[in-house]
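Data first, discussion second: the structure below is written as structure tokens.
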Amino acid sequence: MVLKLKLGNTDTGFSIVSDNNPEINNIANILYYLFAEFKNIFGLEVMTHKKCSIDNSIRDDAPITCPHDDCIKIYLITDSWDYSRMFYQLAHEMMHYVYFKYFPLINQDNFEEKEYSSWNEEIICEAMALYMLKSVANSKEFAKYSSSFDNYLKKTIIKKQCDTTSPLKIEGDHVLASDFHAKFNKTAQEEEHRAEHTAETMYLYELFKKHKPEVIAEIYDMYKYYNKDYHCINYDSWQENPNFIEELSKIQPILK
Ligand SMILES: [Zn+2]
């Protein structure tokens, strides 16, 4: 069964592929909400840059977003149904979808190159997922579920705050991680890697909440300012919305 997400009569390119999943309509409601929110930030062009299907076939590495020749596929964990968890997973993966506009290529070499740099993208995807949870918890459309979204958000934040493995340390007013390259390169593709950036994620979540959607949209340009070896961002050359960029730059460790 394929359910296509439409805005009015227009196909958005997003669809849900499911074999008799009774939750398909719930996934559709979540997707519809997230699509509208992402479109509000990044615009319709970015959100329709490629066809995207939400696939609930079982994958060990889900939730994950994968590029294919003709579309991008998002795989979620749909074994135990939890509305908030599904929302959180999908919000995170949709942010990856946004960045695939910069990497629409299906070439495996390039895909790996992107993975190599993805610790920065992971922080943004995680912070965006929190930000979207906050938004839906306050929305009229989901008023019925607002307390469960809110509880899930609080639980997730507490879990992140309890994580003591984060390399984020503020010294002066900047993040420091002396073993930046060794640490991030080594763990770039590992799941625990996400846990290692909880402090940066929380910092970014607070930053998103402070700014308007059109300012947050600036993060879309991140890969324009990556240095050649894709280790870090050249914030000095990023001139748009300087106040936001100055604050954003603090998630990047200074090498010592
Ligand atoms: Zn991710």
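The values are calculated or read from the model by the stated rules, or taken from the named source; none is laboratory data. In this text the structure is predicted, and so the values were computed from the model without any measurement. Here the Cβ positions follow ideal geometry from the backbone for every residue, glycine too, while neighbour counts run over all protein chains shown.
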I need every pair where a residue in the stretch 190-211 that is within 12 Å of the ligand (Cβ to nearest atom) has its Cβ under 6 Å from the Cβ of a residue that is of a type in the set (D, E) and at pLDDT 60 or above, sequence separation at least 6 or different chains.
R194/E122; T201/E126
Considering every residue within the stretch 205-218, establish whether at least one is modelled with pLDDT under 90 and in contact with a Leu (Cβ under 9 Å, 6 or more places away or on another chain).
no
From the list L76, L90, which one is outside the structural domain of I124 (by TED's automatic domain parsing) and touching a residue at least 60 places away in the same chain (Cβ under 8 Å)?
L90
Among the residues of the stretch 38-56 satisfying the criterion of being touching a Phe, Trp or Tyr at 6+ places or on another chain (Cβ under 9 Å) and part of a helix (DSSP H, G or I), which is surrounded by the fewest Cβ atoms within 10 Å (Cβ to Cβ)?
V46
Subset of the stretch 55-81 (residues that are among the β-branched types (V, I, T) and within 21 Å of Y131 (Cα to Cα))
I64, T65, I74, I77
State the number of residues belonging to the stretch 1-50 that are over 22 Å from the mean Cα position of the chain (by Cα), within 25 Å of A137 (Cβ to Cβ) and among the charged types (D, E, K, R).
1
Against the condition touching a helix residue (DSSP H, G or I) at 6+ places or on another chain (Cβ under 7 Å), surrounded by 19 or more Cβ atoms within 10 Å (Cβ to Cβ), assigned to a helix (DSSP H, G or I) and not small (G, A, S), how does I27 come out, does it pass?
yes
Index of the failed condition, P63 passing every other in (1) surrounded by fewer than 19 Cβ atoms within 10 Å (Cβ to Cβ); (2) in contact with a Cys (Cβ under 9 Å, 6 or more places away or on another chain):
(2)
Take the residues of the stretch 87-144 that are at pLDDT below 90 and more than 25 Å from K51 (Cβ to Cβ): which is farthest from the ligand (Cβ to nearest atom)?
Y116
Does K50 satisfy the condition of being in the same structural domain as A91 (by TED's automatic domain parsing) and in contact with a strand residue (DSSP E or B) (Cβ under 7 Å, 6 or more places away or on another chain)?
yes
